[in-house]
1. Can you compute the label reach from Thr36? Point 7 Å from Cα along the Cβ direction, backbone N cut-off under 13 Å, restricted to region 57-91.
2. When you take every Cα atom in region 38-100, what is the radius of gyration, and what is Dmax, the widest Cα pair distance, in Å?
3. Return the subset of Lys115/Lys149; Lys73/Lys146; Lys27/Lys102; Lys73/Lys102; Lys73/Lys98 for which the Cα-Cα distance in this structure is over 32 Å, preserving the input order.
4. Would you mind giving the average projected area, over all directions, of the Cα convex hull of region 13-138 in nm² with one decimal?
5. Compute the distance in nm between two label points, each set 7 Å from the Cα along the Cα-to-Cβ direction, one at Thr71 and one at Ala53.
6. Taking the Cα centre as origin and putting +1 on Lys and Arg beta-carbons and -1 on Asp and Glu beta-carbons, what dipole magnitude results for region 109-151, to the nearest 20 debye?
7. How would you order 123-129, 151-157, 93-99 from highest to lowest mean count of nearby Cβ atoms within 10 Å?
8. Which value, in debye to the nearest 20, describes the size of the charge dipole of region 21-98 about its Cα centre when Lys and Arg Cβ atoms bear +1, Asp and Glu Cβ atoms bear -1, and nothing else is charged?
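Where a number appears in this text, it was derived from the coordinates with a stated rule and is not lab data. Quantities reported herein were computed from a predicted structural model and do not represent experimental measurements. Quick reminder, even Gly has a Cβ in these numbers, built from the backbone with ideal geometry, and neighbours come from all protein chains shown.
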Amino acid sequence: MNRSIIPLLCSFLLLSASSASAFNITKILSQYPDYTNFNDLISKTGLASEINAKSTITLLAIPNGAIGDLTSKSNDVVKKILTTHVVLDYYDTMKLQKLKDKTIKLTTMFQESGKASNDQGFLNVTAKDNTFVFGSAVKDAQRDSKLEKSVMNQPYNISILGISQPIVTPGIDSPLAPSSAPPPKANTPKSSPPKAESPAEEEAEAPTKEDETEAPAPSKDADSPSADSRPADAQSPSSSSAEKLKISFGFFVLLASTVAAY
Ligand SMILES: *[C@@H]1O[C@H](CO)[C@@H](O)[C@H](O)[C@H]1NC(C)=O
Ligand SMILES: *[C@@H]1O[C@H](CO)[C@@H](O)[C@H](O)[C@H]1NC(C)=O
Ligand SMILES: *[C@@H]1O[C@H](CO)[C@@H](O)[C@H](O)[C@H]1NC(C)=O
């Protein structure tokens, strides 16, 4: 038993050694105090190990001062946002400078997740007069995350570029929510009258249901066939009870007269 397990264990150890991370992004970022919040988020979302599994990557790091409300968003949303900051290629400042005055499209880790629609998984970087601006490749997305500095690089495996502010990808988080909210609001006035009518109908139906439920109760006392013969008529319970009242009054008079007779 032990002899069969040992080779298995050895091959497992070898496998895990060969697939071991080329770098430890958590460890690398921990050397830069400006990016502690960013580092925390990368660990918290489990993105660190996914980044470590790559051999070629460019990380667009958000400094503590610009992290904003990223720390208060749900893990799922933060992870999606952060994966748009991980470029699946190597770009350092030297390589960016070769762009001259061009715009190029970059593929991010969000594209790999399969959750991206349209151009959500891509970034555009525009080089102009030696300044570099990153933004989502989604049409009309804001493009104002400027390259601030090269944090570190290890050609041609990992490059960490400091950017001025988070890249906003329309539709990943709140940016799309307010723009998609007005259409339902515009629809609600149209749909609310029928909705207002339907509760009224339900309310109108409810008393009749109550009448119906009340109706069977007396019908048990009275003869049930007559109560069943006219169920839909709302007046039937009142008329039948009036009849019953007449009958019972008549019966009382008859009883009283017979008692009086004795
Ligand atoms: C660097 O990247 C190359 C090519 O992608 C890869 O073969 C190599 O293993 C990587 N080196 C490290 C230390 O990750
Ligand atoms: C990466 O570095 C951090 C901090 O030094 C450490 O806690 C963690 O265990 C390391 N992860 C791996 C996979 O080595
Ligand atoms: C992004 O860059 C590509 C390549 O230059 C360009 O074709 C595309 O129009 C750009 N997208 C936006 C939204 O600017």
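1. 64-65
2. 12.9, 39
3. Numbers: Lys115/Lys149 30 Å; Lys73/Lys146 23 Å; Lys27/Lys102 34 Å; Lys73/Lys102 34 Å; Lys73/Lys98 37 Å.
Cα-Cα > 32 Å for Lys27/Lys102; Lys73/Lys102; Lys73/Lys98; rest within.
4. Details: hull surface 35.6 nm².
For region 13-138, averaging the hull's shadow over all directions gives 8.9 nm².
5. According to this spin-label approximation, the distance is 2.9 nm.
6. Details: 6 positive and 6 negative charges, 7 e Å.
Dipole about the Cα centre, nearest 20: 40 debye.
7. Values: 123-129: 17.0, 151-157: 14.9, 93-99: 13.1.
The packing order, highest mean first, is 123-129, 151-157, 93-99.
8. Numbers: 8 positive and 7 negative charges, 28 e Å.
Here the size comes out at about 140 debye.
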